[in-house]
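Scroll down for the structure; my scribbles are underneath it.
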Amino acid sequence: VQLQASGGGLVQPGGSLRLSCAASGRTFSYSDMGWFRQTPGKEREFVAAISWSGGRTYYADSVKGRFTISRDNAKNTVYLQMNSLKREDTAVYYCAARAGGSSYYKQSDYNYWGQGTQVTVSS
């Protein structure tokens, strides 16, 4: 699976962005997908994940109620709708895919990674 993230940019606090992650490969429909983010000097952290069917979603406490992860298997794309953005959401956002594992929250369970897209929340 090859992943291409897009949709990042500069947005004011309180604004919204939608990230997309386009996947190539026949196994996308059977892959759980996740979004992680990283800021300079910090470890990459879990943001959200969605099961291969879309039936289960998981969120970090810091984004719960503001971010929504979804997927369209017909388009081989996963989305991250980000609302009510805060300055602390500023980071490089990465999408990732996994075939299975013990935890949706662990980056080590993800086999494939996109290149990252920068999100900057600033006035």
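Data table
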item: Largest-first ordering by accessible area, 1.4 Å probe, given options Leu85, Leu10; result: Leu10, Leu85
item: Kirkwood hydrodynamic radius of the chain, from inverse mean 1/r over distinct Cα pairs, in Å; result: 14.1 Å
item: Inter-site label distance for Gln2 and Lys64 at 7 Å from Cα along Cβ, in nm; result: 3.8 nm
item: Most mobile of Gly55, Gly65, Gly15 in a GNM of the chain (Cα contacts under 10 Å); result: Gly55
item: Whole-number percent relative contact order across the chain, with pairs defined as alpha carbons under 8 Å at least 6 apart; result: 36 percent
item: Relative packing of 1-7, 45-51, which averages over residues the other C-beta atoms within 10 Å, highest first; result: 45-51, 1-7
item: Environment charge at Leu17 (Cβ cut-off 13 Å; Lys +1, Arg +1, Asp -1, Glu -1); result: +3
item: Dipole in debye (nearest 20) - the chain, about Cα centre, beta carbon charges: Lys, Arg +1; Asp, Glu -1; result: 120 debye
item: Förster-model FRET efficiency, 30 Å R0, Arg87 and Ser108, C-beta, rounded to 0.05; result: 0.55
item: Of Ser103, Thr77, Tyr93, farthest towards positive along the dipole that unit charges on Lys, Arg, Asp, Glu beta carbons give the chain; result: Thr77
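The values are calculated or read from the model by the stated rules, or taken from the named source; none is laboratory data. Bear in mind that the values here come from a model prediction, so they are computed numbers and not experimental data. Note that each Cβ is placed from the backbone with ideal geometry, even for glycine, and that neighbours are counted across all protein chains shown. Just so you know, the surface numbers come from the protein's heavy atoms only, side chains and all, with ligands and any DNA or RNA stripped out. Shrake-Rupley method; radii C 1.70, N 1.55, O 1.52, S 1.80 Å.
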